[in-house]
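The values are calculated or read from the model by the stated rules, or taken from the named source; none is laboratory data. Given the structure is predicted, the values throughout are model-derived calculations rather than measurements. So basically every Cβ, Gly included, is an ideal-geometry build from the backbone, and we count neighbours across all protein chains shown.
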Amino acid sequence: MNKIIIATDSFKGSLSAPEACRVIAGQAERIFPQAEIVQLPISDGGEGLVEVVFRALGGERRLVHTLDPLGREISTVYLQLADGSALIEMAGAGGLTLLTPGEYNPLRTTTFGVGLIILDAIKSGMDPIYIGLGGSATVDGGIGAATALGMRFLDQLGKNVTSGGGLRNIQTIDACEMLELNHSGKLIFLTDVNNPLCGPNGAAEIFGPQKGATPEQVRQLDLGLQNLAELIHHETGLNLKNMPGMGAAGGFALPFMAFMRAEIRSGIEFVLDVLQFDKELVGSNLVITGEGRTDVQSAMGKAISAVARRAQAAGVRVAVISGSLGEGAEKMLALGVDDLIQATPDGQSLEDALAHAAENLAHAAYDYLEELKSE
């Protein structure tokens, strides 16, 4: 074994991507002491994106004072890169982790605070501005963030709507003040969610419940997103509601795609290019990737599927070591994965699995690599 690449995503609720990489790397160094061990923590655009890119490229962490999804004052950071671009993690001001479970309510939560971060980057002259979508607490169709940039979404009484609960009531869109920003640069949204804005696979139906929405609230939010999309269609001629990825982060990109020529790109492909992953594959014998739970969704565009696809193309063996293997995990085998390993022992409770995540991962990595050595 000459070279092993360790490229894991975060194990949500227990280990960050860098922590998970370090755990596996420690075991690889024990069993293959002569091998080159390369740690490449990854992110698909959600939580951890800024840290992953900062580790790879450096840059300046910029502190910004903003608001959380319920409008409370917080501070967070985004990244200014050497080429003049900015990288923003929307979860830093719009994330579910900023709330307690009792506060989850996508009718009330707003992306306004994320918009304040984008505005700071625009006023600082950064271009392009990358915004990682993932881990959001919101289903507001991006109207909160767009309001921070000067847009107005008005109901029948002329009152401004800034959260998901009012989407159905919007009757007028006023983009004049935002257009006065004269922003000629690019906004690029990074996501690997392919869901459309509305309908059975849309932002409200698929992601609303995990953000606290009841079935009735899911219906209300879906109708609201449809209303917003139809108003935008009327204003701009753009029919965006069925565009793949538009359902990411509660439809966050919608007003920016319509009025600021924004783009949606794959978050993991962006990260793998930043990490020069294809170059690192040269001379490698093994790639180990993983995440908190691998299941059928993992094969539908999640970060580890992109890692597996690129490694397979380079003829490199791929192992997935994840916290748990759920239904459909075996579909990863068709994407180039050679070995699927569950780190959590059978029968261990979720609470114990989270508490002992590092220990479980270390044992699983050691056992796998020891067996590999004996082949």
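I need a count of the residues in the range 36-52 that are more than 20 Å from Ser14 (Cα to Cα) and either at pLDDT below 95 or out of contact with any helix residue (DSSP H, G or I) (no Cβ under 8 Å at 6 or more places or on another chain) (or both).
1
Identify, by number, the condition in (1) within 17 Å of Ile117 (Cα to Cα); (2) surrounded by 15 or more Cβ atoms within 10 Å (Cβ to Cβ); (3) under 20 Å from the mean Cα position of the chain (by Cα) that Lys186 doesn't meet. Unmet condition: (2).
Answer with yes or no whether Leu361 is free of Cβ contacts under 8 Å to residues at least 24 places away in the same chain and outside the structural domain of Gly135 (by TED's automatic domain parsing). For Leu361, the condition - free of Cβ contacts under 8 Å to residues at least 24 places away in the same chain and outside the structural domain of Gly135 (by TED's automatic domain parsing) - is not met. Among residues that are β-branched (Val, Ile, Thr), on the phi < 0 side of the Ramachandran plot, crowded, with 24+ Cβ neighbours inside 10 Å and under 17 Å from the mean Cα position of the chain (by Cα), Thr8 is included. Only a single item in (1) in contact (Cβ under 8 Å) with a residue 60 or more places away in the chain; (2) in a helix (DSSP H, G or I); (3) not aliphatic (A, V, I, L, M) is not met by Thr8, and it is number (2).
Every test in (1) within 19 Å of the chain's Cα centre (by Cα); (2) assigned to a helix (DSSP H, G or I); (3) not basic (Lys, Arg) is passed by Met243 save one, and that test is (2). Taking Gly185, is it under 21 Å from Thr109 (Cβ atoms) and touching a Pro at 6+ places or on another chain (Cβ under 7 Å)? No: the conditions fail for Gly185. Each residue in the range 11-38 was checked for being under 18 Å from Ala358 (Cβ atoms) and either assigned to a helix (DSSP H, G or I) or without any contact (Cβ under 8 Å) to a residue 60 or more places away in the chain (or both), and 17 pass.
This table checks each residue for (1) touching a Lys or Arg at 6+ places or on another chain (Cβ under 7 Å); (2) under 26 Å from Val50 (Cα atoms); (3) of a type in the set (D, E, K, R); (4) in the same structural domain as Gly115 (by TED's automatic domain parsing).
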| residue | (1), (2), (3), (4) |
| --- | --- |
| Gly208 | no, yes, no, yes |
| Leu225 | no, no, no, yes |
| Leu228 | no, no, no, yes |
| His233 | no, no, no, yes |
| Leu238 | no, no, no, yes |
| Pro244 | no, yes, no, yes |
| Gly250 | no, yes, no, yes |
| Gly290 | no, yes, no, no |
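Please find, within the range 343-375, the residue that is modelled with the highest pLDDT out of those that are small (Gly, Ala, Ser) and part of a loop (DSSP other than H, G, I, E, B). The residue in question is Ala343. Considering Gly144, Gly134, the condition of being surrounded by 15 or more Cβ atoms within 10 Å (Cβ to Cβ), assigned to a helix (DSSP H, G or I) and in contact with a Gly (Cβ under 7 Å, 6 or more places away or on another chain) is satisfied by Gly144 alone.
You will find that of Gly135, Gly158, the residue that is at pLDDT below 95, farther than 16 Å from Leu225 by Cα and touching a strand residue (DSSP E or B) at 6+ places or on another chain (Cβ under 6 Å) is Gly135 and no other.
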